[in-house]
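Data block below; observations after.
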Amino acid sequence: MFGTDDPEAAVRQVINDVRRRGDAALFDYTLRIDGVKLSSLEVARDEITAAYGKVDSELVSALKLASEQIRAFYQAQRSHIFGGGAKLDSGQLIRPLERIGAYVPGGTASYPSTVLMTAIPARVAGVSEVILATPPRGEGKVPPATLVAADIAGVDRIFGIGGAQAIAALAFGTESVPKVDKICGPGNIFVVLAKKLVYGVVDIDGLQGPSEVLIIADETASPEYVAADLLAQAEHDPLASAILVTTSRRLADEVSREVENQLGVLSRRAIALECLTSRGIIAVVNNVDEAIELANLYAPEHLCLMLDRAASYIDRVSNAGCIFVGENSTVVMGDYVAGPSHVLPTGGTARFSSPLNIMDFVKLIDLVNIDEAGLKRLGHAASIIARAEGLDAHARAIEKRLEGA
């Protein structure tokens, strides 16, 4: 389609075309890539309202409960970080971003949970406008569950566009899609490459890759639970990683058998099997110290501590996107209802980056407020440093003030 086997070159071509042709390019790429002929890029308000009648009431209730958990988590974070608000003598002001774009994967499936996990932290941070982009399905419609989740989360506008073209539209703006300050949310390789290429024009939350879990377990862990958690990760994507590091050879053998037993009943068996075959590992180590050392080196997106006295090991973990403590804390709870966002660093980037949180949606503005006493105390040192750097005008700007003080 693009005359190149280089995904990044293809994405760059899409981005440039969207910058040049705007909405027309979005309609064209949605038809050519997704096979969907759109009549409108933006989802109308009445379609969002009608979506509630197409979604099971239990799912609506579950989404509302999840939204309450997520909102409460980030309101607590806001109170902890912001405190009573910036003061003139604090040296920094905290200001929310004005408009952000949330990208939610879609197409053959819908991920209403990702809508909640991206839009709600932005809203709690004080972002004025949240724009959602998500691929439409074959009939040109965004899945109703995604629309309901967006309404619950307080999304302002929804666009049925996906892929690199959606990222380009959010970054540069088109006739219909407003330009945003930051783009967040996961996606396929083309979405990740597009985020990489538009970074600098807009901010991004990170370059999230295939999902991964590393479970540290001892002889007290349930083989059934461990196997279920490995499979829950494996069914995401053939490129996902599902890893068990255990101090018990007996547990390793039992988990291996249990994975085979549970695999047979899964609807996404083929995907899970491909993942486990290529990126599934069960490793036996001498002790928990070795297991934690390996985890810190790997820096997994999800780290599960299925250990006796699991909480006692938390302080020894230095690199992980999210830690799940004890056998009841399955990753799936974090995916949907625990509270923290499931948009997490992957591919070892937990060594230096953080999960999506309200700090992603604010900026800090440094504040300098020097009174006469401060000028007298600090000014001479500033002048000396300026002259040492050969910047006479810098020095004179200070010295003139000192002469009049």
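Among the residues of the range 219-265, which ones are part of a loop (DSSP other than H, G, I, E, B), farther than 19 Å from residue 305 by Cβ and over 27 Å from the mean Cα position of the chain (by Cα)? If the condition is that a residue be part of a loop (DSSP other than H, G, I, E, B), farther than 19 Å from residue 305 by Cβ and over 27 Å from the mean Cα position of the chain (by Cα), then 264, 265 are the ones that fit.
Would you call residue 276 touching a residue at least 40 places away in the same chain (Cβ under 8 Å) and over 25 Å from residue 353 (Cα atoms)?
The answer is yes for residue 276.
Of all residues in the range 311-363, those satisfying the criterion of being more than 18 Å from residue 293 (Cα to Cα) and of a type in the set (Gly, Ala, Ser) are 326, 329, 334, 338, 339, 341, 353, 354.
Looking only at the range 295-316, residues that are buried (at least 16 other Cβ atoms within 10 Å of the Cβ), at negative phi and among the aliphatic types (A, V, I, L, M) come to 6 in all. Looking across the range 169-207, the residues that are closer than 23 Å to residue 13 by Cβ and either in a strand (DSSP E or B) or polar (S, T, N, Q) (or both) come down to 174, 176, 183, 188, 199, 202, 204. Take residue 94 and tell me if it is touching a helix residue (DSSP H, G or I) at 6+ places or on another chain (Cβ under 7 Å), assigned to a strand (DSSP E or B) and surrounded by fewer than 24 Cβ atoms within 10 Å (Cβ to Cβ). Answer is yes for this residue.
Every number here is computed from the coordinates shown, using simple stated rules; none is lab data. Remember, it's a predicted structure, so these values are computed and weren't measured experimentally. Reconstructed Cβ throughout: ideal geometry from the backbone, glycine too, with neighbour counts over all protein chains shown.
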